[in-house]
Every structure is written in structure tokens, then in C-alpha cells.
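Visitor: My structure is below; once you've seen it, I'll send some questions.
The values are calculated or read from the model by the stated rules, or taken from the named source; none is laboratory data. This one's a predicted model, so the numbers in the text were calculated from it and none came from an experiment. Using ideal geometry, Cβ is built from the backbone for each residue, glycine included, and neighbour counts are taken over all protein chains shown.
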Amino acid sequence: MPLHVEEAIATCRSLQLKPGPPLDFYDRTVSDRFQNGTRPILVKDARIWTGRVQGLETVHGDLLLVNGIIKAVGHVHRDHLNELGDIHTIDAHGYNTARDIKESQDDYCSNALAGRWDRLAGKSFPESLQWEALVDVIRGRVKVHTHCYEAVDIDDFVRLSLEFRFSIAAFHHAHEAWLVPDVLKKAYDIVLWDSHPLALGATPTQVIIDGIPQLSSPHKIAKPHSSQSSPHTPDFELEITEAIDHAGLPPLGPLISRDGLVLFTNVSSLWIKTSDSLDLMDMFQSSLHGSPGSVVVSQGRILCHGIDSACDGYTLQDGAVVAVVDLQGGSLQPGLASVGSMLGLQEIAMEQSTTDGEVYNVLDTDPPSIVGGVGYLPRAVDGLVYGTRDALLAYRAGVTVGITPPSLSSFVGGLSTAFSLGSLHKLESGAIVQETAALHVSLAHGDVPGVSTEIAALRRLLTQSTKGKLGESFQKVSKGQLPLVVAVNSADIIAALVNLKLEVEMKTGTTLKLTIIGGAEAHLLAAELAKANVGVILYPPRPLAYTWDHRRIIPGLPLSKESAIAHLISSGVTVGIGPQGTSGIPSISTWAARNLRFDAGWALLDSPHVLSKASALALASSNVEKLLGIEIDPYESDLVATSGGDLLSFEGKVVAVISPRKGRVDLFE
């Protein structure tokens, strides 16, 4: 026998061992890392992930740890707990603890209110700062709003509310709520709507929770009969297939672009800008009388429009190659213009490497001399990026022109530019609609330096000579040659700007072109704005009280009888709109430009006594261009073709963009 036999055998056997705990691991009664003096721990009412069943198993119950080792999972018998004596209990959800406190409070108050003080001798009112909020939830004194997405989470939360008898006021986001309508019924949330809940602009007229109406004096307006049924969804099968084939990132450009003849048939309306006032007019309004119309286009320009065979002379010529697009009762209308986002200056929100970047704040620091020093003024046209997904998606939704300044947050944001959302690069014909649109500044409470300093700076820039591009541009503003667009929401700051406008006009004898963008509290000065000829671009069009400067908004239906849009228009103010977006922040609202058509349609449905279809379209097109100094010949303006409806409805689907500037028709089907 060789030496070290036992050692050699042990070594050889160890080579066959698989990784794992020691053989006596499951026989232990004390964990290797247990600290003496640690009390047993009971975790109550927990969802426990066991790691079994390929890591998918979870069980609901209690979990007991003694000496650092799990002793029991599920139901732990009370006798076993009594044997252990001093135990540290953790309520995983807290609802049981809160319910115990509530019941103790109810018992205490029952005795106190009945005068049974002998039963309360030596006792104080049971309360816990830690569980106070949850006790109030179970008591019904606090409304519960839940942020969740999946059906399973909605179901779990409703079951929890039923077990502990509290109400759920609302589920936020709840993308899978449509899968569990029966579960939602158990939450006793009843909503009365003025139209089908899925219809554009659907607004609650009353919300009833546990039999209690939540709106004391709701305002409502009669919605059209067409809004009382679910909207007809256009056919998006091609887009679905493309998205699947390209892993969620399908190509967004047109299917084909044509500079030859295109015949649009079954057209119900043809809205174009009039040459004098840029107002919109339906060319078919007086001629169709129920008959479908036709429109012939070549090189992006309308050659003929009419009913029956009015345009046959163009389409039946020998050798004519005509692309025919059946609009199925759809419409031709002006392309929309978007402002208030970072279209053309960023690809991905909050990803700095895909953005143009911030501009220098001339009130905060002196810009480097290489960019102009105190005369520095950036131009958005120099930083334009084409072909972003947000831009192309907006283009496919009927927004053909983007108007963007270098910044909407810096005191002096720079010179905005107007560009085509359907172009692939700056050198393409028609890519730049107007190199310089307006001069942008921003004012808000909380700015550093403060509002009074910013107003003082504006006064000096408008009335005294200043160096560089900055001084040159402000001189154009003071001469009425360039619009001054101010991002502002506070009525107090807007009033200061109106005073400054009048002051400068008295000094120069020239009318300034001043436009407010934001305008959450502009309705408070509607009459004064109309008198001073100050226009407003409401951004977002349905304002929310995001900050102190937004606190005095008109909330709109059902909380007020009219919207901010209706109030301003009724007072004689020229109004445009930007996208609804997110939190009123341009950099994270760029995605919302594609919904601009629905924002305009919503405004029409909320205010049919103030708006017509023409003026609703103007909110997002000609009015925006007018307020931002965009001068486009009406005959050079883009038109958008929609099938099955118009741009102001869910039913209308954009199938083509007609562009005289580019000399072509972009077809998406």
C-alpha cells in the first residue's frame, strides 16, 4: 500500500462531486452566519418567491426565520410562535397592521363616545405615525390612485381593496385595463361620459365612487351623434406587418413619391388657404351637394378639382400615366405646423448625444468671443437634423412643417427656423421652408437672474443698440420686422410684457409683433391681449397646473364651462396650438407632434359654438404660421390627403402629402 492512500482516495472521490452545499447542510439548526441574540423573525402576509418550478413559483403567506434559518413557509401555527416567545414581526404589506390599528381606534372611540371611561382607564388613543396614512386609506379618508400597467397587477390591487375594504379612485396608465373590465367593476368606479369613451375628446360628465358623485357642478356640452359610438379604426395592416418585419423600427418614409399625375377620387372636402388672409375655405362646399369630388395633381400642384367628369381632360389624355388614390369620402386639407417641441434638434429625448445641445444663457455668462461674445445669438437652422423618427411619424400624421428655436428654456433662445418634416437632409429641394422665423425668449418665476432683471434686459435690447447678431435681431423686432416669441405662462409676466410692448411702441412709433407661447394663464388677460394685438400659441392646448406659473388655468370641461382656447378666441385673440406633450417640457414632448391633428379636433369638439372646422384646422396650421412670421405663398403650401375622414377625426388616415415646394406627391399606400 502506498503512502497517503486515504488522502489519494479522498482526492479522487472529490473530483466526482458536483458544486453544492455540504452533505449536512439541510440538517443544520443554526446558520453559519447567525449572530447570537438575534430574535426570531416572522414575516407576515408576504408574496414569497421560492425559486422552484424553473424560478417561477411564488406563494402567498408567512415566513418564519429562527437562528437565521427558514423554519416555515405558508401558515405558521400560533402554538409554534408561542413556544418561541419574543418574536420580531414584520408585516410585508402593512395592511393587517393598519387594520388592527383602525379597529383599535374604532373600539376606543366607541367607548369614549358612549361615556364608558372606566374601560379606557390607563389607555390613550391608539395611533402610529408609521401606519397613519394606510389607516386613513382603509378608513376611506384618503383616495387611492394606483400606477400600474398589467392586468395581473390590476387584479391583485382590486382583490386587496376588497379584502381590506377600501376604495380605488383610479388606475393610472393601465394599458391592459381593457382585458379585465369585470375586475374593474369590482372597484365600484362608475363614469358617465358625454360620448363613447374611445371617441376623440370624450369627457366625463360625472364620476361616482361608492355611490358618491365626485363632481358637484359639472359642465357639459352636446357632442355630435357620431361621437356616441366607437370610432372606426383605419386599416393599419401594412404598418403592422412592416413593424413586425423590422423588429419594431419600420421605415417611415413614403412608399413612393410621384411628380407625375395623381388623381384623388371620392373627395368630400378640399380645404385651401385663401390668398389674402390665409383663412381656410372648402372649395367643394358649394359644389358637391352629396356627390364625391375629384382632384388632379401634377408636380405637387393642383391642376383641376370638381365633380363627375370635370377633370377628365387631364386624366384621359393619350399616354397619360395616372396614379389613382380613392379617399373613400376623405379630405384634402393644409399640412399642419408644429411648434413647442424639439423637432429637428433631437432624435432621442434626454439622450444628450442625439441632441443639438443647450445654448449659452446671455444673462448668466458671457459667451466666448468666437461665437460673438455679448452679441451671440444661435440659429436653429444651423443645427437641424433631418429624418428623425419623431419628425417622420409627425409627417405621416399630417404635420408637414416644423418650427423650432435653438432653445425654449434659455432667456434668449435664438432664432427659430421652419423646415420640412418629410425631407431627408437640408440640401434637398424644399427642405428649408423659411431660414429665420422669429426671435425666441423665455421668462418664468424662479429664473436666475429673476423676472425683473429679464424684463430690464428686454427693454434695453429693444430700445438701445447692442452688438452682434443679438443686437441686429432685436433691432428688427423693435422695427416690427421680426416677431418676438416669448415662452411664458404667468399672467403677471404676460402683463409686464404687454406694458413693455406699449412702451417700446410709444418710443419707436412702430407696432411690435409679439406672440406668447405657453400661455397657461393668458385667458386672464384675454381682452388686453386682443387690444394690444398679441397672439397666443397655447402649449399645451389643454393646460395643466404644472408649476406656480400655471396655477390659474382654465381646466376645461367638465370643470369649467369653456376651454382656454374658446375664451381667448371669443375675446378676439389670434390663437394657435402646440402639441399636448408631457409636462409642458419641449425636450420630452417631441413625440406628441404626431397627435397635433387630434389636439385640434378635440378643441373643435369642446367648443363648437366658437370653432368651425376651418378655424380648428387653422389652430394648427395658418394661425401658427401667422404668429411665428412664416410667410408661405398659399399656392406653395402643402396639402394632406386623408382617406375615410379628415385630419380632425380618428377615422381619417393620412395617405399622401402634396407638396408644391418639392414638386411631388408622397404616397404612403
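Visitor: Identify, by number, the condition in (1) in contact (Cβ under 8 Å) with a residue 24 or more places away in the chain; (2) within 25 Å of the chain's Cα centre (by Cα) that V610 doesn't meet.
Guide: Of the numbered conditions (1) in contact (Cβ under 8 Å) with a residue 24 or more places away in the chain; (2) within 25 Å of the chain's Cα centre (by Cα), the odd one out for V610 is (2).
Visitor: Moving to a separate point now. Hey, among V451, V441, which residue is in contact (Cβ under 8 Å) with a residue 24 or more places away in the chain and out of contact with any Gly (no Cβ under 7 Å at 6 or more places or on another chain)?
Guide: Result of the check over V451, V441: V451.
Visitor: Suppose we filter segment 477-503 for residues that are surrounded by fewer than 16 Cβ atoms within 10 Å (Cβ to Cβ) and either among the basic types (K, R) or within 14 Å of R379 (Cα to Cα) (or both); how many remain?
Guide: 1
Visitor: May I pose another question? Return yes or no: is E625 within 18 Å of T515 (Cβ to Cβ), surrounded by fewer than 24 Cβ atoms within 10 Å (Cβ to Cβ) and either at pLDDT below 95 or of a type in the set (D, E) (or both)?
Guide: So E625 fails the test.
Visitor: In segment 628-669, which residue that is within 25 Å of A437 (Cβ to Cβ) and among the basic types (K, R) is surrounded by the most Cβ atoms within 10 Å (Cβ to Cβ)?
Guide: Result: R664.
Visitor: Mind checking which residues of segment 510-538 are more than 15 Å from A444 (Cα to Cα), out of contact with any Lys or Arg (no Cβ under 6 Å at 6 or more places or on another chain) and not hydrophobic (A, V, I, L, M, F, W, C)?
Guide: T511, K513, T515, H523, E528, K531, N533, G535
Yes/no matrix, rows are residues, columns are (1) of a type in the set (A, V, I, L, M, F, W, C); (2) in the same structural domain as R597 (by TED's automatic domain parsing); (3) farther than 23 Å from P541 by Cβ:
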{"site": "S409", "(1), (2), (3)": "no, yes, no"}
{"site": "S429", "(1), (2), (3)": "no, yes, yes"}
{"site": "A444", "(1), (2), (3)": "yes, yes, no"}
{"site": "E454", "(1), (2), (3)": "no, yes, yes"}
{"site": "E505", "(1), (2), (3)": "no, yes, yes"}
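Visitor: Sticking with this structure for a sec: Looking at (1) touching a residue at least 40 places away in the same chain (Cβ under 8 Å); (2) farther than 23 Å from E435 by Cα; (3) of a type in the set (G, A, S), which is the one condition that is false for S587?
Guide: (2)
Visitor: Which of the following residues is without any contact (Cβ under 8 Å) to a residue 24 or more places away in the chain and either over 22 Å from E103 (Cα atoms) or touching a helix residue (DSSP H, G or I) at 6+ places or on another chain (Cβ under 9 Å) (or both): V137, V152?
Guide: Result of the check over V137, V152: V152.
Visitor: Restricting the search to segment 439-490, which residues are part of a loop (DSSP other than H, G, I, E, B) and of a type in the set (K, R)?
Guide: K467, K479 - these are the residues of segment 439-490 that are part of a loop (DSSP other than H, G, I, E, B) and of a type in the set (K, R).
Visitor: Take G581 and decide whether it is modelled with pLDDT of 95 or more, within 28 Å of K223 (Cα to Cα) and crowded, with 19+ Cβ neighbours inside 10 Å.
Guide: It is false that G581 is modelled with pLDDT of 95 or more, within 28 Å of K223 (Cα to Cα) and crowded, with 19+ Cβ neighbours inside 10 Å.
Visitor: Cβ-Cβ below 7 Å, separation at least six or inter-chain, first residue in segment 481-494 and on the phi < 0 side of the Ramachandran plot and in the same structural domain as E521 (by TED's automatic domain parsing), second of a type in the set (K, R) and modelled with pLDDT of 95 or more: which pairs?
Guide: L482/K476; P483/K513; L484/K513; A491/R552
Visitor: While we're on this one: Report, by residue number, each residue of segment 377-404 that is outside any loop (DSSP other than H, G, I, E, B), under 16 Å from F668 (Cα atoms) and not charged (D, E, K, R).
Guide: Passing the criteria: A391, L392, L393, A394, Y395, V399, T400.
Visitor: Quick one: which of G581, G518 is under 28 Å from P231 (Cα atoms) and not hydroxyl-bearing (S, T, Y)?
Guide: G581
Visitor: Now for a separate question. Does at least one position in segment 405-413 carry a residue that is part of a loop (DSSP other than H, G, I, E, B), buried (at least 19 other Cβ atoms within 10 Å of the Cβ) and of a type in the set (A, V, I, L, M)?
Guide: yes
Visitor: Limited to segment 302-350, what total is found for residues that are modelled with pLDDT under 90, in contact with a Cys (Cβ under 8 Å, 6 or more places away or on another chain) and not in a loop (DSSP other than H, G, I, E, B)?
Guide: Here the count works out to 2.
Visitor: OK, next. So which helices (runs of 4 or more DSSP H) stay within segment 1-104 end to end and still have 3 or more residues that are modelled with pLDDT of 75 or more, more than 30 Å from D136 (Cα to Cα) and not charged (D, E, K, R)?
Guide: 5-14, 78-84
Visitor: Could you check segment 524-551 and list, in sequence order, the residues that are surrounded by fewer than 16 Cβ atoms within 10 Å (Cβ to Cβ), touching a His at 6+ places or on another chain (Cβ under 9 Å) and part of a loop (DSSP other than H, G, I, E, B)?
Guide: Residues satisfying the conditions are L544, T547.
Visitor: Please pick out the residue among K123, K220 that is of a type in the set (D, E, K, R), outside any helix (DSSP H, G or I) and touching a strand residue (DSSP E or B) at 6+ places or on another chain (Cβ under 7 Å).
Guide: K220
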